[in-house]
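Taking it in order: structure first as structure tokens, then the write-up.
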Amino acid sequence: MTHIEFLGPPGAGKSTIFSELIASDTFYGGTEDDAVRRVFLEKAGPKYRFPYRVTPSVIRGFFEDAFMEYRFGHSALEDFIRDHPDFMGALSVAMDSVSHEPEKVFSFCRRSAERYQLGISTVSERETLCLDESFAQRAFAILWREPGESFSLEEYFDSVPTPDLVVQVDAPVDLCLKRQQERGRLVVEKDWETADPKTVQKKSRELCSSIADHLANETSVVTVENTGAVEKAVDQIRLRSQNI
């Protein structure tokens with residue numbers, strides 16, 4: 001397998017399941033794991049590797065977040081665009097199609113491209129790259145901000161890598177809203193949304209389902225109903241990935 005992508009509305013719990021999945025040695029989280037460290041150790045000369053390894057983890061983590069991820073991410077974006085030349089055109093169309101926060105759409109999609117490239121360039125043969133901030137999830141972010149329905153999922157997904165498996169994480173509307181409240185922020189409360197949170201959450205689920213339905217024509221999709229133990233959902237993903 002090349003990579004797995006996660007998709008889900010706010011509060012569905014995809015990040016929780018993702019974090020549990022990549023705790024396994026066979027599933028690799030890219031920048032959520034140690035992609036930046038892997039790139040640095042590959043590119044750095046011998047005289048830099050030892051000091052880096054013995055640097056306290058707190059300082060090393062700050063160095064990775066504040067400097068190396070930015071530097072290597074910029075290089076990774078260039079590599080990604082070279083391999084996927086239609087991406088910038090699709091991103092431009094996406095920014096033109098949204099009615100709200102086009103700058104966030106650009107930032108989100110750029111970040112996904114960087115994270116994919118960093119991950120795919122550092123994944124080992126025994127690992128499968130998993131993306132939480134996936135291209136599929138970015139499609140949801142675009143559709144949510146684009147009420148005119150002019151954005152083409154087909155053109156967008158033609159411009160980005162196709163995952164071997166899409167994990168659509170879902171949960172009942174009330175449960176998703178409860179989880180958001182417990183985290184201290186209702187994600188579905190946006191400046192441009194005039195409907196009540198329950199209606200917006202329902203719309204978010206429908207948008208994710210429409211993206212999953214589209215991708216089901218091109219790759220494998222598994223829907224995980226995240227209402228029970230996280231371990232049960234992770235086992236379902238592991239089983240499905242083994243059968244691809």
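The values are calculated or read from the model by the stated rules, or taken from the named source; none is laboratory data. Everything numeric here is computed off the predicted structure, so don't read it as measured data. Here the Cβ positions follow ideal geometry from the backbone for every residue, glycine too, while neighbour counts run over all protein chains shown. These area figures cover heavy atoms from the full protein model, side chains too; ligands, DNA and RNA do not enter into them. Shrake-Rupley method; radii C 1.70, N 1.55, O 1.52, S 1.80 Å.
Some values worked out for this structure:
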read-out: Share antiparallel - DSSP beta bridges, the chain, percent rounded to 5; value: 0 percent
read-out: Surface share of carbon and sulfur [accessible, 1.4 angstrom probe, percent] for the chain; value: 49 percent
read-out: Exposed-loop-free span, longest in the chain, where trypsin sites (Lys or Arg not before Pro) count as exposed if DSSP calls them loop and at most 11 other C-beta atoms lie within 10 Å; value: 1-125
read-out: Cα centre as origin, Lys/Arg/Asp/Glu Cβ charges: the chain dipole, Debye; value: 900 debye
read-out: Chymotrypsin sites (Phe, Trp or Tyr not before Pro) lying in DSSP loop within the range 137-244, provided at most 16 other Cβ fall within 10 Å; value: W192
read-out: DSSP loop GluC sites (Glu not before Pro) with at most 15 other Cβ within 10 Å excluded, longest remaining stretch of the chain; value: 1-124
